[in-house]
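The values are calculated or read from the model by the stated rules, or taken from the named source; none is laboratory data. Computed from a predicted model, the values in this text were never measured in an experiment. Positions of Cβ are generated from backbone atoms using ideal geometry, with glycine treated the same way; all protein chains shown enter the neighbour counts. Areas reflect the complete protein model, heavy atoms only, side chains present, ligands, DNA and RNA absent. Shrake-Rupley method; radii C 1.70, N 1.55, O 1.52, S 1.80 Å.
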Amino acid sequence: MPKKTIEDIDLSRKRVLMRADFNVPIKEGRITDDTRIRAALPTINYILKQEGCSLILMSHLGRPKGEVKDELRLKPVADRLAELLSKNVIMAPDCTGSDVKKLAEALRPGEVMLLENLRFNKGETKNDSGLVKELASLGCDVYVNDAFGTAHRAHASTEGIAHVLPGVAGFLMSREIEFLSKIVENPVKPFVAIIGGAKVSTKIAVLESLLSKVSTLIIGGGMAYTFLKVKGYGIGKSLLEDEFLHTAKDLLAKAEKMGVEILLPVDHYVGDEFSENAKAQLVSDVNIPEGKIGMDVGPKTLSTYREKLANAKTILWNGPLGVFEFDAFAKGTLEVAKMVSESRGVSVVGGGDSVAAVNKFHLADKIDHVSTGGGASLEYLEGKSLPGIAALQDK
């Protein structure tokens, strides 16, 4: 069922409580990447343009586990947001309490306040009804969720509050739902999914759910070696999940039965050790020699990817194809980023390293949708109901 968005309700003369995802990297008090703050701006600006509307923002930062930690305070976020909005952002001393309530009551139309880190309060991750009541007592009329990255968590600020205040999706949230639902419900074929990453264990559910939807499934990254082992190839000292060999075997058998093409690496860049200093050595064969560690895909493999992606009508990419954090083994991931950006089909990219590759090459504007939620997008693609979305009002 489609969810209501901020465009479906009248916000005039309302006080809005909005959950954003301001979980940004901060080093020595300075934000090193403000992408998530910028991503929330369309929704924030839309709300502030409505007649007589004021806004209370809330977010978590890091994992303080219910304790106040100065290095995880949201003051740097408030300062950066004020710069981006060209207006003052009131920084609340806490996320609840009498002082916060007074500040909320004093908010005038067009004003913005940011609550302190929600996870300083133990009740946030426990979805505590007491915290939900405290947040609701700030006198807001509407709840807006624009934090897709936390939508898979049933927390007080993502799920609980939507049962007390009428909840709708912000622009970022609705865009995530729009693009990911296309892939889950009715992808245009040929549909090619590229699933990378280190471990089969973290991606097996999404691999299985995609089997009934894709034309071709490209399996790369560290988890590819478990699949190669199942097929009887030598993998040297490459990453192997013994306990998932049977699972990998079952998946390959299911794919064959369903007529789904599975592409595994046919050549590799290997190293003598898993280290940033390891020298990249090309192995022009599917078998990896004893003592060597597979760290990236080779040129023949990339050529097979290029052929499939050129004709794809829908592309999903989640997870790196090699040890992306080591420059010598980043080529496969970066080349795939270029291929996806150049494709004519609808392209959706999710997962931290995939997004990092797209950003590193300044290709984000050539991708139809770059997802902001790693775990949330995976669970959505697995077909799971996300609590933060389910709790919002249906259209």
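Would you say E134 is closer than 23 Å to V68 by Cβ, crowded, with 21+ Cβ neighbours inside 10 Å and among the acidic types (D, E)?
Numbers: closer than 23 Å to V68 by Cβ: yes; crowded, with 21+ Cβ neighbours inside 10 Å: no; among the acidic types (D, E): yes.
No; evaluated as a whole, the condition is false for this residue.
Here is a yes/no grid of residues against (1) over 20 Å from N145 (Cα atoms); (2) open to solvent by less than 20 Å² (accessible area, probe 1.4 Å); (3) in contact with a Pro (Cβ under 9 Å, 6 or more places away or on another chain); (4) part of a strand (DSSP E or B):
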residue: A40; (1), (2), (3), (4): no, yes, no, no
residue: I56; (1), (2), (3), (4): no, yes, no, yes
residue: K65; (1), (2), (3), (4): yes, no, no, no
residue: P93; (1), (2), (3), (4): yes, no, no, no
residue: T96; (1), (2), (3), (4): no, no, no, no
residue: D99; (1), (2), (3), (4): yes, no, yes, no
residue: R108; (1), (2), (3), (4): yes, no, no, no
residue: M113; (1), (2), (3), (4): no, yes, no, yes
residue: T125; (1), (2), (3), (4): no, no, no, no
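All but one of (1) open to solvent by 70 Å² or more (accessible area, probe 1.4 Å); (2) more than 30 Å from K182 (Cβ to Cβ); (3) in contact (Cβ under 8 Å) with a residue 60 or more places away in the chain hold for R15; which doesn't?
Answer for R15: the failing condition is (1).
I'm trying to understand the selection: among the residues of segment 294-321, which are more than 28 Å from S181 (Cα to Cα), out of contact with any Leu (no Cβ under 9 Å at 6 or more places or on another chain) and surrounded by 17 or more Cβ atoms within 10 Å (Cβ to Cβ)?
M295
If only one of V168, V142 is β-branched (V, I, T), surrounded by 19 or more Cβ atoms within 10 Å (Cβ to Cβ) and within 21 Å of K102 (Cα to Cα), which one is it? Lay out the reasoning, then the answer.
Values: V168 fails: within 21 Å of K102 (Cα to Cα).
Within the list V168, V142, the selection yields V142.
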